[in-house]
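The values are calculated or read from the model by the stated rules, or taken from the named source; none is laboratory data. Everything quoted here is computed from the prediction, not taken from an experiment. Cβ atoms come from the backbone with ideal geometry, glycine included; neighbour counts cover every protein chain shown.
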């Protein structure tokens, strides 16, 4: 991801903020309308649903008619549609599973009610529902917008129409973009000043982030021209790579210092995730440049965490590398953590498993140094900081 281009578009966005605001402020009004009206337990669910989505305008009904079909199906099968929304907003269940179950369920209902019509409940529509319900977690999604924005900022992913993997990639990309926007106090002030009592206050800036992404692909299209020369002049620079072995292990002190510390755990965890995600995106781009004939899948973005690795690389001979990425902007010796799943995966895959340690980030050149550990990580995981304990009553 090209951060220089994000900075460039950010300045253009601020310069044209008043004009963009007039065209796009309806989104904040639509979110306020939804938050004011939504009640999944309403006795009249269909009327409530209609009122909640009343101001969504072209968020849903620009070219096709997902809102219209949703309401019409709810009029005929209100309790089934209500139940589908219960399932969709259940955060205990995997996101892609929820999306597909909602889509399959509404398609089945719609086919029974309107056999000659489509339901139009695609990724775009379902992400609208999720964003309206969880505005601090999700982002409004359009496939075409995603494709255009990726091209504008050199993001290393190739979307394919209708693929579930697009959603994870998009949400993680939005988080990286959001992290850049919230650093700009001038932009945040512009954003805050435009919100009145008829608008949802986007305190987490997710809706602002989506508005920026959409603006780059629509309102700032003419700005793309001035970046063509910069894009053409960019050359790939190979990073410095070293191999880490058992001899490189730094053994920590055995005793605890027992000094208490006040730490913003939640804020620290979010920043660590952003740093880690940015490193993964950078490494995917590097691997695609380095292994041009190989297939590089960003598993942690496309399917989520829990596989025990972040990236799967398959070369032309079907040889597989499972790659876990640990990123710091500081020194290679900065401590990092390995999960039990990652450790077990390294034991299982042995020589197919690689840990890439990204460090010493140079923002101006957008390049990390890389240290690589190959194989079983057991020797690197002998010093637990915490322990899992179960107590039987």
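Just a yes or no: is a residue in the range 181-194 crowded, with 16+ Cβ neighbours inside 10 Å, in the same structural domain as residue 20 (by TED's automatic domain parsing) and under 14 Å from the mean Cα position of the chain (by Cα)?
Scanning the range 181-194, I find no residue that is crowded, with 16+ Cβ neighbours inside 10 Å, in the same structural domain as residue 20 (by TED's automatic domain parsing) and under 14 Å from the mean Cα position of the chain (by Cα), so the answer is no.
Which one is surrounded by the most Cβ atoms within 10 Å (Cβ to Cβ), of the residues in the range 40-49 that are under 22 Å from residue 28 (Cα atoms) and in contact (Cβ under 8 Å) with a residue 24 or more places away in the chain?
49
Looking at the range 1-105, what helices (runs of 4 or more DSSP H) fall wholly within it and have at least 3 residues that are in contact with a helix residue (DSSP H, G or I) (Cβ under 9 Å, 6 or more places away or on another chain), under 29 Å from residue 212 (Cβ atoms) and in the same structural domain as residue 176 (by TED's automatic domain parsing)?
3-15, 17-24, 26-37, 66-76
Pairs, please: C-beta under 6 Å, at least 6 apart or cross-chain, first residue free of Cβ contacts under 8 Å to residues at least 40 places away in the same chain and in the range 19-39, second surrounded by 16 or more Cβ atoms within 10 Å (Cβ to Cβ)?
Close Cβ pairs (under 6 Å, with a partner that is surrounded by 16 or more Cβ atoms within 10 Å (Cβ to Cβ)) amount to 33/55; 37/51; 37/52; 39/48.
Yes or no, residue by residue, for (1) within 23 Å of residue 285 (Cα to Cα); (2) modelled with pLDDT of 95 or more:
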| site | (1), (2) |
| --- | --- |
| 344 | no, no |
| 353 | yes, yes |
| 363 | yes, no |
| 367 | yes, no |
| 371 | yes, no |
| 376 | no, no |
| 383 | no, no |
| 389 | no, no |
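Here is a list: 118, 137. Which entry is in the same structural domain as residue 90 (by TED's automatic domain parsing), more than 15 Å from the chain's Cα centre (by Cα) and in a loop (DSSP other than H, G, I, E, B)?
When all the criteria are applied, what remains is 118.
Kindly evaluate residue 129 against the criterion of being at pLDDT 95 or above and in a loop (DSSP other than H, G, I, E, B).
no
Can you tell me how many residues in the range 342-393 are in a loop (DSSP other than H, G, I, E, B) and over 30 Å from residue 7 (Cβ atoms)?
16
Take the range 278-303 and flag every residue that is in contact (Cβ under 8 Å) with a residue 40 or more places away in the chain, crowded, with 18+ Cβ neighbours inside 10 Å and either more than 22 Å from residue 163 (Cα to Cα) or not assigned by TED's automatic domain parsing to the domain that holds residue 358 (or both).
278, 279, 282, 283, 286, listed by residue number.
Any chance you could count how many residues in the range 157-177 are buried (at least 20 other Cβ atoms within 10 Å of the Cβ) and either without any contact (Cβ under 8 Å) to a residue 24 or more places away in the chain or more than 10 Å from the chain's Cα centre (by Cα) (or both)?
1
If you check every pair at least six apart or on different chains, which have Cβ atoms under 7 Å apart with a residue in the range 337-358 that is in contact (Cβ under 8 Å) with a residue 24 or more places away in the chain first and a residue that is in a helix (DSSP H, G or I) and crowded, with 22+ Cβ neighbours inside 10 Å second?
Between residues of the range 337-358 that are in contact (Cβ under 8 Å) with a residue 24 or more places away in the chain and residues that are in a helix (DSSP H, G or I) and crowded, with 22+ Cβ neighbours inside 10 Å, the close pairs are 353/346; 356/283; 358/279; 358/283.
Scanning for something surrounded by 11 or more Cβ atoms within 10 Å (Cβ to Cβ) and either modelled with pLDDT of 80 or more or out of contact with any helix residue (DSSP H, G or I) (no Cβ under 8 Å at 6 or more places or on another chain) (or both), does the range 248-261 turn up at least one residue?
Scanning the range 248-261 turns up at least one residue that is surrounded by 11 or more Cβ atoms within 10 Å (Cβ to Cβ) and either modelled with pLDDT of 80 or more or out of contact with any helix residue (DSSP H, G or I) (no Cβ under 8 Å at 6 or more places or on another chain) (or both).
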